[in-house]
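Worksheet: one structure, shown below.
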Amino acid sequence: MDSLDPADWSDLRALGHRMIDDMVDHLQTLREGPVWQPMPESLRAELRQPLPRDPSPLGSVYADFRRLVQPYATGNLHPRFMGWVHGGGNPVGMLAELLAAGLNANLGGRDHAPIEVERQVIAWAAEMLGFPSEAGGVLVTGSSMANFIGVLVARTASEGPAVRQTGVSGRGLVGYASAAAHGCLPRAMEMAGLGREALRMIPFDADGRMRVDLLRQRIAQDRAAGLRPFLVVGTAGSVDIGAIDDLAALADVAAHESLWFHVDGAFGATALLAPALRPKLAGIERADSVAFDFHKWAQVPYDAGCVVVRDPTRQIETFGAEAAYLRREQRGLAGGGVWPCDLGPDLSRGFRALKVWMTLSVYGADALGQVVQAGCDLAAALAARVDREPELERLAPVALNIVCFRYRAAAGDLDRLNADIVADLQEAGIAAPSTTLVNGVLAIRAALVNHRTTADDIAIMVDAVLRLGRARAAG
Ligand SMILES: *Cc1c(COP(=O)(O)O)cnc(C)c1O
């Protein structure tokens, strides 16, 4: 065998065309199928095979994909997937992934067009955030990584680049976030070697927004105890209920206390694209860094997270590396300015930027803003329906696109009942909300993220909750 390329390209070409046809059919007929179905044990067993030493025809491996994998995926393409905060993807992004894999570009560095595409995407992100045009940033797997980068850049900004040599131990660095902040933030503190206790989780108010008065108090207490506050994290779209911290007030506190102001806008930052929602995020344009995802509300296929840093030199000071084998030149392929490997922990990186660039270019940012607005409108309508139904109870205010509610029964364990209703809905393939705890109570949580979801889908989900709730409550 000479290479991994086929001897006869025409078979590959024909199969490739069929794969695209099949996947387009899949997208076209999504609504008719179940949202999700569990993978049968027999098929899981079939998937477990020793390392294949001998070749198999692509056609038969593709048949395995069609039989073993495709029917048992997460379901987040489906209009009635409302669980967690999952993006629905889009067909343009899907094709972009094919093109990106075709080029197989490595975006760690060097001088080539795919990196220019990523720089353009970062410039668009900065524009969306209202950041200055010199802002920098990098695409990463998701907001977990983007928030981690934010914490590390904040650490360097506070302690100076020498902290990379000496480490953080014994410095008494402490940061602040809402108690409603995503779990990836305490984890980022852990991974940064600061320890999760160094992230002070500040209580939130009835609307789920960080109590700014308690933040100020805690900073003063920590300073009095000889600690070094360095970071305030604002949440723009909390994972439980979609609450948005008072970002302008947090920016004021950060400025007054000389702290780095980072915003976790994993899905909420996308609301900047919807003119009626943009004011809710006022203050985000004053952040030092923002983490958000293109793969959630912006509908780009997984994975596509993004961190944007107002002052790009801070990011380079945090990650820039000099290694002989990564030597930069003024000309040739080793030129090309700042390399993305100097902006985060990854060296080899794929061409994530293409699916973002093509999605934004084809649909336009305004259309994505309309998707975001539609999700919020559906959430408001769902909340109104919940409020009208005597058997349902709403458990949290609706700031954006997330509605938390539960089925009420006269007696019995309501947490168990509602968890069962959600599992019933999922296993029947009718709809896939998820659950969370709101004030210690188990909630059915519907996050309206998918661009395919309609008012009819909401009605089908609520009707099914009522039906399943009555059946279970009747025993
Ligand atoms: C989803 C989410 C994250 C984590 O983002 P990933 O892309 O899943 O890594 C962080 N913060 C919030 C508020 C989120 O909703």
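Restricted to the range 141-164, and to residues that are over 24 Å from the mean Cα position of the chain (by Cα) and of a type in the set (Val, Ile, Thr), which residue is farthest from the ligand (Cβ to nearest atom)?
Val163
Got a sec? Which of Leu382, Leu392 is touching a residue at least 40 places away in the same chain (Cβ under 8 Å), in contact with a strand residue (DSSP E or B) (Cβ under 6 Å, 6 or more places away or on another chain), over 30 Å from Val117 (Cα atoms) and surrounded by fewer than 21 Cβ atoms within 10 Å (Cβ to Cβ)?
That would be Leu392, the only listed residue that is touching a residue at least 40 places away in the same chain (Cβ under 8 Å), in contact with a strand residue (DSSP E or B) (Cβ under 6 Å, 6 or more places away or on another chain), over 30 Å from Val117 (Cα atoms) and surrounded by fewer than 21 Cβ atoms within 10 Å (Cβ to Cβ).
Yes or no: Leu333 crowded, with 18+ Cβ neighbours inside 10 Å and touching a residue at least 60 places away in the same chain (Cβ under 8 Å)?
Against the criterion (crowded, with 18+ Cβ neighbours inside 10 Å and touching a residue at least 60 places away in the same chain (Cβ under 8 Å)), Leu333 does not qualify.
Counting only residues that are touching a residue at least 40 places away in the same chain (Cβ under 8 Å) and on the phi > 0 side of the Ramachandran plot, how many does the range 414-443 have?
2
Do you know which residues across the range 61-85 are under 23 Å from Leu382 (Cα atoms), out of contact with any Lys or Arg (no Cβ under 7 Å at 6 or more places or on another chain) and within 16 Å of the ligand (Cβ to nearest atom)?
Listed by number, the residues that qualify are Asn76, Phe81, Met82, Gly83, Trp84.
Check whether at least one residue in the range 165-176 is away from the ligand (no atom under 16 Å from the Cβ), assigned to a helix (DSSP H, G or I) and modelled with pLDDT of 95 or more, and report yes or no.
Yes: the range 165-176 contains one or more residues that are away from the ligand (no atom under 16 Å from the Cβ), assigned to a helix (DSSP H, G or I) and modelled with pLDDT of 95 or more.
Looking only at the range 335-374, which residues are in a loop (DSSP other than H, G, I, E, B) and either within 19 Å of Leu103 (Cβ to Cβ) or charged (D, E, K, R) (or both)?
Gly336, Trp339, Asp346, Leu347, Ser348, Arg349, Gly350, Phe351
Taking the condition within 12 Å of the ligand (Cβ to nearest atom), in contact with a Lys or Arg (Cβ under 6 Å, 6 or more places away or on another chain) and closer than 24 Å to Ala379 by Cβ, does Asp245 pass?
yes
Of the residues Gly93, Gly109, only one is surrounded by 12 or more Cβ atoms within 10 Å (Cβ to Cβ) and assigned by TED's automatic domain parsing to the domain that holds Gly332; which?
Gly109
The values are calculated or read from the model by the stated rules, or taken from the named source; none is laboratory data. Since the structure is predicted, the reported quantities are computational estimates derived from the model, not experimental observations. With ideal geometry, Cβ positions are generated from the backbone for all residues, glycine too; neighbour counts draw on all protein chains shown.
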